[in-house]
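Colleague: Here you go, one structure.
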Amino acid sequence: MNTNDPMVLGINGLGRIGKLTLWHHAGRKFFSKIVINVGREVGTSMADILHYIERDSTYGRLEAYLYGYQGKPVITDVNEAAFSFKVNEIEVKILNNHRNPRNIEWADHGVAIVVDTTGQFLDPNLGADDPKGSIRGHLEAGVQKVVASAPFKLKQGAVMPDDAVTTVMGVNDKDYDPIRHILISNASCTTTCLSHMVKPLLDAFGIERVLSASMATIHAATGSQQVLDRLPKTGAVDLRKNRSILNNIILTTTGAAKALQLVIPEMATIGFIAESVRIPTSTGSLIILVMNFQEELNKKPIRRDMINDLYKVAAEQNSNGYLVFTNKQNVSSDIIGTPKAGAVIEGHETHTRTGTIHINLEHMQGIDKDILDSIKDQVGSIQVTQSVIYGWYDNEMASYVNMMGDRTVSVAETLE
């Protein structure tokens, strides 16, 4: 792309991620214009949209986000008739006529790339003409590339199409092929943090030494949860999603383990378990990662300081700031706003324990029966180190949206 050419960004949806995506790009000023599709009328006038855009219960006011205490109003040139205005001198246009991607007027406004933040159009195999809408509809509406702010959802037995890819910046962003890929998933906030926690360990020890792995995310509330208890919808199977997030710890599910395999394929060989617990905070989440490594004979065993040193070096080499290592004692609110950190490793809490596991060789595959009969007691033993690592992430703006902004700009730079 010629960097002197103006480029227009489309944002589909103006929920939590949609609004914060606008904030990010209004500050970044890579795109000359931003077109936002809301797909419906909002409130009583455009003033209600501006009211929503300029303030946020978690991150404060837009002008303070952009310019700190020196901030001044940054929404200007409001044209209610044209549904347009400027944010930090970047022209913004609001569309409210269509919700089906194929009908959105992207081409009329010269939109080259769309970030779909609705969470509704995530099956990359659906055709553009699907009556309920499809992510491919954006392409039919005239854009060249689509970035989805959530993992793709494939139907049972379906495979990922050749023109779609899932990436996490700083982990596998080079998997994006600008010639082949037109649909790009930015994975999820949890997968982003998890992949940055896992990659340094695999780089150091190799997948062959990983015996098992699991994680639990202590996750802030999301917009899909209820403020007060309510009756489940028809066919709902998870009754906990209908309970109040204001005063409950709620067990739920996460697709991070499945998405991780798309970002770090070798993790598919591990029986990885991922769990999720929602808590009553607005943002700032935590992953507790547990990995069991087989120790090697006559080599220095894996210890807490070794793991912390790995993360410290990886963070120092990670010039983009996606991985942060700290020995400070943090709480969740300390993580909010950390500029780009996909994962903030809390080294103070890293733990390791090494023990001996005895294995009944009769139940092991690949051992010849004659060899097995020659082994006394038919029992073997290995040294195993269990490691526990804590990784913080701001699941909205600082980790996810800022890194998705980097992904969006890097894709836009490949357009002609």
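The values are calculated or read from the model by the stated rules, or taken from the named source; none is laboratory data. The model shown is predicted, which means the values in this text are computed figures rather than measured ones. Glycine gets a Cβ as well: all are built from the backbone with ideal geometry, and neighbour counts include every protein chain shown. These accessible areas exclude ligands, DNA and RNA; they are computed on the full protein's heavy atoms, side chains included. Shrake-Rupley method; radii C 1.70, N 1.55, O 1.52, S 1.80 Å.
Colleague: Of (1) 59, 51, 44; (2) 75, 47, 46; (3) 87, 52, 48, which one was derived for Cα extents along the principal axes in Å from the structure shown?
Modeller: Step by step, Cα extents along the principal axes in Å for this structure corresponds to label (3).
Colleague: Related question: Carbon and sulfur atoms: what percent of the 1.4 Å accessible area of the chain do they account for? Walk me through the intermediate numbers first.
Modeller: Numbers: 10290 of 20450 Å².
That share works out to 50 percent.
Colleague: I would also like to ask the following. For segment 40-159, with the dipole built from +1 on Lys and Arg beta-carbon atoms and -1 on Asp and Glu ones, taken about the Cα centre, which of V42, S149, G68 lies farthest toward the positive end?
Modeller: Of the listed residues, the answer is S149.
Colleague: E396 accessible area, nearest 10 Å², 1.4 Å probe?
Modeller: 20 Å²
Colleague: Is the shape of segment 68-194 best called rounded, prolate or oblate, per the rule: a/c under 1.5 gives rounded, else a/b larger than b/c gives prolate, else oblate, with a ≥ b ≥ c the square roots of the Cα gyration tensor eigenvalues? Write out the running numbers ahead of the final one.
Modeller: Details: a/c = 2.28, a/b = 1.41, b/c = 1.61.
Note, shape of segment 68-194 comes out oblate.
Colleague: May I pose another question? For R40 and E80 in the same chain, what is the full-extension length gain: residue separation times 0.36 nm, less their Cα-Cα distance, in nm?
Modeller: Working: separation 40, 0.36 × 40 = 14.40 nm, distance 1.55 nm.
Answer, rounded to one decimal: 12.9 nm.
Colleague: Apply the Karplus parameterisation 6.51 cos²θ - 1.76 cosθ + 1.60, with θ equal to phi minus 60°, to every residue of segment 17-27 and state each ³J(HN,Hα) to the nearest whole Hz, in sequence, with x for glycine and proline.
Modeller: So the Karplus estimates, Gly and Pro as x, are 6, x, 5, 5, 5, 4, 4, 4, 6, 5, x Hz.
Colleague: Let me ask something else. What's the magnitude of the charge dipole for segment 77-208 around its Cα centre, counting Lys and Arg as +1 and Asp and Glu as -1 at the beta-carbon? Answer in Debye, nearest 20.
Modeller: The calculated dipole for segment 77-208 is roughly 300 debye.
Colleague: Now, a different point. Taking the Cα atoms of segment 222-366, what is the range of coordinates along each of the three principal axes, in descending order and whole Å?
Modeller: Cα extents, longest axis first: 60, 45, 27 Å.
Colleague: In whole Hz, what ³J(HN,Hα) sequence does segment 64-70 give by Karplus (6.51, -1.76, 1.60; θ = phi - 60°), x for Gly and Pro?
Modeller: Coupling constants for segment 64-70: 6, 4, 7, 9, x, 5, 8 Hz.
Colleague: Between H109 and R303, what FRET efficiency follows from the Cβ-Cβ distance if R0 is 45 Å, with the result rounded to 0.05?
Modeller: On the way: r = 57 Å, r/R0 = 1.26.
Once the sixth-power term is evaluated, E becomes 0.20.
Colleague: To the nearest 0.05, how large is the calculated FRET efficiency for L211 and N327 if R₀ is 35 Å and r is the Cβ-Cβ distance? Don't skip to the answer; put the middle values down first.
Modeller: Details: r = 28 Å, r/R0 = 0.80.
It comes out at approximately 0.80.
Colleague: Taking the Cα-to-Cβ direction at H348 and at V159 and moving 7 Å from each Cα, how far apart do the two end points lie in nm?
Modeller: 4.9 nm
Colleague: Net charge around R102, counting only other residues with Cβ within less than 10 Å of its Cβ (Lys, Arg = +1; Asp, Glu = -1)? Walk me through the numbers on the way to the answer.
Modeller: Working: positive: R136; negative: D129, D130, E140.
Neighbour charge sum, excluding R102 itself: -2.
Colleague: Now a separate question. Which entries of K19/K145; K29/K328; K199/K312; K174/K340 have Cα-Cα distances beyond 22 Å here? Show your work: numbers first, answer last.
Modeller: On the way: K19/K145 20 Å; K29/K328 33 Å; K199/K312 13 Å; K174/K340 18 Å.
Table pairs above 22 Å Cα-Cα are K29/K328.
Colleague: Through the Karplus equation 6.51 cos²θ - 1.76 cosθ + 1.60, θ set to phi - 60°, convert the phi angles of segment 46-57 into ³J(HN,Hα) values in whole Hz; use x for Gly and Pro.
Modeller: Working through the residues one at a time gives 5, 4, 6, 5, 5, 4, 5, 5, 7, 9, 8, 5 Hz.
Colleague: Follow-up. Can you compute the helix-only [θ] at 222 nm over the chain? Use -39500 (n - 2.57) per DSSP H run of at least 4 residues, normalise by all residues, nearest 500 deg cm²/dmol. Numbers along the way, then the final one.
Modeller: On the way: 9 runs with 86 residues, N = 416.
That calculation yields -6000 deg cm²/dmol at 222 nm.
Colleague: Antiparallel DSSP bridges in segment 13-129: what percent, to the nearest 5?
Modeller: On the way: 9 of 14 bridges.
Beta bridges within segment 13-129, antiparallel portion: roughly 65 percent.
Colleague: For K199, what is the net charge nearby, where nearby means another residue's Cβ is under 14 Å from its Cβ and Lys, Arg count +1, Asp, Glu -1? Could you put the intermediate results ahead of the total?
Modeller: On the way: positive: K174; negative: D173, D175, D203, E266.
Here the count lands on -3.
Colleague: Here's a follow-up. What is the spin-label model distance, in nm, from S410 to Q226 if the labels are put 7 Å beyond Cα along the C-beta direction?
Modeller: My value for the distance between the label points is 4.1 nm.
Colleague: For the chain, give the magnitude of the charge dipole about the Cα centre (Cβ charges: +1 Lys/Arg, -1 Asp/Glu; no others), in debye to the nearest 20.
Modeller: With Lys and Arg at +1 and Asp and Glu at -1, about 900 debye.
Colleague: Which trypsin sites (Lys or Arg not before Pro) does segment 199-303 hold that lie in a coil by DSSP with at most 13 other beta carbons within 10 Å?
Modeller: Working: sites: R209, R230, K233, R240, K241, R243, K258, R278, K299, R303; in loops: R230, K233, R243, K299, R303.
Answer in residue order: R230, K233, K299.
Colleague: Between Y52 and Q383, what length in nm is gained on full extension when 0.36 nm per residue of separation is reduced by their alpha carbon distance? Don't jump to the answer; show the numbers that get you there.
Modeller: On the way: separation 331, 0.36 × 331 = 119.16 nm, distance 5.64 nm.
Using 0.36 nm per residue and subtracting the Cα-Cα distance, I get 113.5 nm.
Colleague: About the Cα centre, and with charges only on the beta carbon of Lys, Arg (+1) and Asp, Glu (-1), how big is the dipole of segment 52-108? Nearest 20 debye, please. Walk me through the numbers before you get to the answer.
Modeller: Values: 7 positive and 9 negative charges, 40 e Å.
Once rounded to the nearest 20, the dipole reads 200 debye.
Colleague: Give the aspartates and glutamates whose C-alpha is closer than 17 Å to that of K153, dropping any in the same chain fewer than 8 places away, or say none.
Modeller: Output for K153: D116, D123, D130, D162, D163.
Colleague: Specify the angular offset, from 0 to 90 degrees and rounded to the nearest 10, of the alpha carbon long axis of helix 189-205 from the longest principal axis of the alpha carbons in the chain.
Modeller: Value to nearest ten degrees: 40.
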